[in-house]
Amino acid sequence: LSGLDPAQPYFQGTPIEVRLDKSDADFVDVIHTDSAPTIPNLGFGISPAIGHIDFYPNGGEQMPGCGKNPVSQIVDLDGIWEGTRDFVACNHLRSYKYYSDSIIYPDGFLGYPCASYDLFQSGNCFPCPEEGCPNMGHYADKFKDKIKKDFLKLYLNTGEARDFPLWRYKVTVTLSGRKKVKGYVNVALYGSDGNTRQYQITKGTLKPDNTYTAYIDAEVNVGKVTKVKFLWNNNWINPTFPKLGAATITVEVGQNR
């Protein structure tokens, strides 16, 4: 049984007989997309973990792409009706959009077990544990026999618009060069199944021999990594023409460690 942002008003904090609960089926998975408090935030969705596994995409409260200005959202690509409805209850309705995308992407929407969204964002819960990560949505039940805890909270990030799934990578860059410069470092991943755009790994002071780490949520599952594109820029013309390179770049895939 899949709960798509089960309702908060009149249900949160009530006995399990009158709301969704993991005792309702052999396997209950829940997607929380609008779990901010109803007062004053108008959150429509329940916030506590109530299933066997509970997914909190983007932290479970505010979904990317839902903060657009009302005009651009109401005059939506999918039509005025869809746009108006999305403006009123955008976060709440993201749950079924993620679910429908999950049918098309069986390897997408990996949920990382974590104590909080902040810890997930900072990389504390990366990569997936040895038993792997469940997939939010249609294929969540593939994880049914691997659950070890009473409640399992899972975090992930999604895109702003269709297609929603993102794949998480840890990219570590050690710089080489003669002297430090100011600027930024970008990296793009190339693989057997596709390539990503450039992602910023760090900006500010770039010191040779220093190591910089970033977690990127890529719009493509690149498959087997075949090459990495490294780009740095110091933002302004420097008459000394500083040179900077990458001594090493390490890419770790969240899914299979």
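The values are calculated or read from the model by the stated rules, or taken from the named source; none is laboratory data. Keep in mind the model is a prediction, meaning the values are calculated, not measured. Cβ sites come from the backbone with ideal geometry, for glycine too, and all protein chains shown count toward neighbours. Accessible surface areas use protein heavy atoms only, side chains included; no ligands, DNA or RNA. Shrake-Rupley method; radii C 1.70, N 1.55, O 1.52, S 1.80 Å.
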Answer from Phe126, Phe164, Phe120, Phe109 - the residue that is over 18 Å from Gly60 (Cβ atoms) and at pLDDT 95 or above: Phe126
Pick out, from segment 151-257, the strands (runs of 3 or more DSSP E) lying fully within it that include 2 or more residues that are in contact with a Lys or Arg (Cβ under 8 Å, 6 or more places away or on another chain) and in contact (Cβ under 8 Å) with a residue 40 or more places away in the chain. 167-177, 181-191, 211-218, 244-253
What is the one condition in (1) within 18 Å of the chain's Cα centre (by Cα); (2) more than 24 Å from Cys128 (Cα to Cα) that Ile201 does not satisfy? (2)
Conditions (1) touching a helix residue (DSSP H, G or I) at 6+ places or on another chain (Cβ under 8 Å); (2) buried (at least 19 other Cβ atoms within 10 Å of the Cβ); (3) under 19 Å from Gln255 (Cα atoms): number failed by Leu93: (3)
If the Cβ limit is 9 Å and pairs must be 6+ apart or interchain, which residue in segment 18-38 that is in the same structural domain as Asp145 (by the TED database) and in a helix (DSSP H, G or I) pairs with which residue that is of a type in the set (S, T, N, Q) and open to solvent by less than 40 Å² (accessible area, probe 1.4 Å)? Thr38/Gln8
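Quick one: count up the residues across segment 173-231 that are of a type in the set (Asp, Glu) and more than 25 Å from Tyr117 (Cα to Cα). Give the derivation first.
Going through segment 173-231, the residues of a type in the set (Asp, Glu) turn out to be 193, 209, 217, 219.
Next, only the ones that are more than 25 Å from Tyr117 (Cα to Cα) stay: 193, 209.
Summing the residues that are of a type in the set (Asp, Glu) and more than 25 Å from Tyr117 (Cα to Cα) in segment 173-231 gives 2.
In a loop (DSSP other than H, G, I, E, B), open to solvent by less than 70 Å² (accessible area, probe 1.4 Å) and in contact with a Ser or Thr (Cβ under 9 Å, 6 or more places away or on another chain), is that true of Gly3? If you could, list the steps in order and put the result at the bottom.
Values: in a loop (DSSP other than H, G, I, E, B): no; open to solvent by less than 70 Å² (accessible area, probe 1.4 Å): yes; in contact with a Ser or Thr (Cβ under 9 Å, 6 or more places away or on another chain): yes.
Judged against the criteria, Gly3 is not a match.
In segment 15-33, which residues are open to solvent by less than 10 Å² (accessible area, probe 1.4 Å) and either closer than 23 Å to Cys66 by Cα or charged (D, E, K, R) (or both)?
First, the residues of segment 15-33 that are open to solvent by less than 10 Å² (accessible area, probe 1.4 Å): 28-33.
Matches in segment 15-33: Asp29, Val30, Ile31, His32, Thr33.
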Scan segment 111-125 for residues that are crowded, with 20+ Cβ neighbours inside 10 Å and part of a helix (DSSP H, G or I) and report the count. 1
